[in-house]
Amino acid sequence: MGRGKKYQEAVKAVDLTKEYSPEEAVALAKKTAYGKFNQTVEAHFKTGLDVKQADQQVRGVVLLPNGTGKTVRILVFAEGEAARVAQEAGADIVGGDDLIKRIQEGWMEFDLAIAMSDMMGKIGKSGLGKTLGPRGLMPSPKAGTILQQPAQLPQLINESRLGRVEFKTDKTGGIHSIIGKSSFNETQLLENFAALMDALIKAKPAGAKGVYLKKVTLASTMGPGVRVDVNAAQNLKPRAA
């Protein structure tokens with residue numbers, strides 16, 4: 001099935017053989033986000049990593065300075081004092097055994113799952129990993145979503161609301177991450193992209209060989225991919241906190 005007329009018009013605005021500066025790429029990704037809805041703008045990376053090797057996998061988090069533009073529904077597996085703290089910190093859903101049962105029965109109305117460490121035994125025995133893992137929702141130490149102390153909850157919940165984004169390599173060595181919405185201005189998108197680039201560079205695996213980032217592309221939900229000059233992208237400076 002061919003692409004529609006509006007997509008073909010959007011493609012004409014992009015030179016598919018060119019690598020644009022980050023500033024130009026952000027402007028084009030925003031310009032080519034045709035349609036009446038507020039589209040997600042994402043960054044896509046092709047790496048030179050061999051993800052079959054444990055020491056060549058990437059997983060990390062970044063706090064986008066201008067947020068994601070998305071409403072995040074936060075679930076916390078917690079009981080007792082931790083549950084009280086999570087509720088006061090603004091978590092959308094908090095619970096223990098009851099919450100595990102709801103998910104086992106098919107309920108999945110959340111975007112992020114956080115767990116207190118003392119809940120992981122129950123979560124593991126329940127088999128939720130088979131349900132949450134493939135969806136990228138399983139709490140994990142690498143993602144920073146398993147906490148030891150209730151006092152850690154407010155900061156994590158707040159950051160998740162403000163624009164905390166997890167990124168990781170997929171089976172092909174690709175990395176994909178949101179950098180905002182088409183309603184964002186170019187400066188907001190560029191600052192978010194710079195923060196993501198900084199986090200990716202810092203997350204480079206010790207076992208990486210050869211070229212780490214081979215290709216960088218920006219695109220809106222329905223728009224064409226816009227190639228970014230990799231060297232220029234790696235030289236972006238994140239906004240000072």
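For this structure, a couple of remarks:
- Wholly within the range 37-92, strands (runs of 3 or more DSSP E) carrying at least 1 residues that are on the phi < 0 side of the Ramachandran plot, modelled with pLDDT under 95 and of a type in the set (G, A, S): 59-63
- Taking the criterion of being surrounded by 20 or more Cβ atoms within 10 Å (Cβ to Cβ) and in contact with a strand residue (DSSP E or B) (Cβ under 8 Å, 6 or more places away or on another chain), the residues of the range 214-224 that qualify are V216, L218, A219, S220.
- Among residues of the range 119-130 that are hydroxyl-bearing (S, T, Y), those with a beta-carbon under 6 Å from a residue that is assigned to a helix (DSSP H, G or I) at least six positions away or on a different chain give the pairs S126/I100.
- Filter result for E166 (among the acidic types (D, E) and either in a loop (DSSP other than H, G, I, E, B) or within 30 Å of E88 (Cβ to Cβ) (or both)): yes
- The condition (being closer than 16 Å to A43 by Cα, of a type in the set (S, T, Y), out of contact with any Phe, Trp or Tyr (no Cβ under 7 Å at 6 or more places or on another chain) and not in a loop (DSSP other than H, G, I, E, B)) is satisfied by just one residue among T131, T187: T187.
- Selection status of P150, touching an Asp or Glu at 6+ places or on another chain (Cβ under 7 Å), closer than 21 Å to G96 by Cα, outside the structural domain of A29 (by TED's automatic domain parsing) and surrounded by 14 or more Cβ atoms within 10 Å (Cβ to Cβ): yes
- If you go through the range 181-227 and keep only what is within 23 Å of G35 (Cα to Cα) and of a type in the set (A, V, I, L, M), you end up with L189, L190, L218, A219, M222, V226.
- Scanning the range 1-23 for residues that are under 20 Å from E186 (Cα atoms), out of contact with any Pro (no Cβ under 8 Å at 6 or more places or on another chain) and either crowded, with 17+ Cβ neighbours inside 10 Å or of a type in the set (S, T, Y) (or both) yields E19, Y20, S21, P22.
- Conditions (1) assigned by TED's automatic domain parsing to the domain that holds N192; (2) surrounded by 15 or more Cβ atoms within 10 Å (Cβ to Cβ); (3) over 16 Å from the mean Cα position of the chain (by Cα); number of the one not met by Q87: (1)
- For K6, the criteria (1) farther than 21 Å from L236 by Cβ; (2) part of a loop (DSSP other than H, G, I, E, B) hold in every case but one, which is (2).
The values are calculated or read from the model by the stated rules, or taken from the named source; none is laboratory data. A quick note: this is a predicted structure, and the numbers were derived from the prediction, not measured. Cβ: placed from backbone, ideal geometry, glycine included. Neighbour counts: every protein chain shown.
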